[in-house]
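In what follows, a single structure is set out as structure tokens and then discussed.
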Amino acid sequence: MDEPRPRLVQRFSGAERTLHWVYALLFVILLLSGLFLYLGPGQNPFLDRRELMRSIHLDAALALVALFLLVAAGSPGTLRRLRDDVEWFDRDDARWLLWVLVPRRLRGRPLPPQRRLNAGQKLNTVLTAAATVGFTVTGTLMWGGSALPTSLSEAADTWHLLLTEAMIPLVAGHLVVALLFPSTRGALRGIVTGRVRLDFARRRHARWAETLEQGEDTV
Ligand code: HEM
């Protein structure tokens, strides 16, 4: 007999998915062009293309700012909803973080129930947003470099590099969780098609699944 089709529920709207994927693409372009700009002579195969790398980096940075302005203007509910998702950090979130940090054999209790974004995803969202603001501010200062006091443009340079170094492990961790862990891979469908299986939502985001079943959550 055929298996019954799993019930799917809406997790991310079209605007949220567009924001995620355009941001991810721009992030990769910024990271690669930025690394080429930081590498010194002899290390950089694109050294003679420095101006090209620089304009790719600046254009991608402008596109990133434009992306947020477009989403804020075209779909204000998207950013509001993300803010609502991350503004609460309650006892279940703290328990969830402890749960994932404790080795598997020592975990006595089941996974603490989570809302639409779990505690790790909340931290990822907040850190990514904060880093984006930091990159924009330090990048703008570096751009206006020659007109600024040397100490300020040097500080901007240092912080821009520090932010890059902090973002690399954050994004790498995000990719490992999204692509490699069988227990969380069900989320991939959500960020690609917008919908996930209801049983996945119940297992990983029990409090969100509850609101869905009561008809309170709509994307
Ligand atoms: C191939 C690249 C990527 C894949 C496969 C991927 C996958 C995913 C998935 C599956 C989710 C949804 C998680 C859920 O529904 O529970 C998500 C959300 C998210 N992604 Fe990505 N992502 C990628 C690149 C990036 C990049 C480059 C960034 C930022 C620099 C990023 C930042 C975020 C943020 C902030 C969220 C919301 C919070 C979270 O789920 O952690 N992603 N991504």
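Once the chain from Leu198 to Val133 is taken as fully extended at 0.36 nm per residue, the excess over their C-alpha distance is 19.9 nm. Residues whose amide H falls under 5 Å from that of Leu8, counting only those 5 or more places apart or on a different chain, are Leu198, with hydrogens built in the peptide plane.
Local charge sum around Phe89 (other residues, Cβ-Cβ under 12 Å, Lys/Arg +1, Asp/Glu -1)? Net local charge, Phe89 excluded: -1.
Residues whose amide H lies under 5 Å from that of Arg116, counting only those 5 or more places away or on a different chain, are Trp208; hydrogens are built 1.01 Å from N in the peptide plane. Dividing the mean sequence gap of close Cα pairs (under 8 Å, 6+ apart) by how many residues the chain holds gives a relative contact order of 30 percent.
At each listed q (0.11 Å⁻¹), what is the log10 of I(q)/I(0) that the Debye formula gives for the chain modelled as equal alpha-carbon point scatterers? For the chain, the Cα-only Debye profile gives -0.67. Residue farthest toward the positive end of the dipole of region 8-213, with Cβ of Lys/Arg at +1 and Asp/Glu at -1: which of Val65, Ala130, Ala187? Checked the options; the winner is Ala187. Net charge of the neighbourhood of Ile56, taken over other residues with C-beta under 12 Å away and scored Lys/Arg +1, Asp/Glu -1, is +1.
Taking the longest Cα principal axis of the chain as reference, the axis of helix 150-179 is set at about 30 degrees. Taking label points 7 Å from Cα along the Cα-to-Cβ direction, Arg7 and Thr164 give a separation of 4.9 nm.
Past the 18 angstrom mark, what percentage of all C-alpha to C-alpha distances in region 102-219 do you count? Value for region 102-219: 65 percent of Cα pairs lie more than 18 Å apart.
Every read-out reported here was derived from the displayed coordinates using simple, explicitly stated rules and does not represent laboratory data. Worth saying up front: this structure is predicted, and the values here are computed from it rather than measured. Note that each Cβ is placed from the backbone with ideal geometry, even for glycine, and that neighbours are counted across all protein chains shown.
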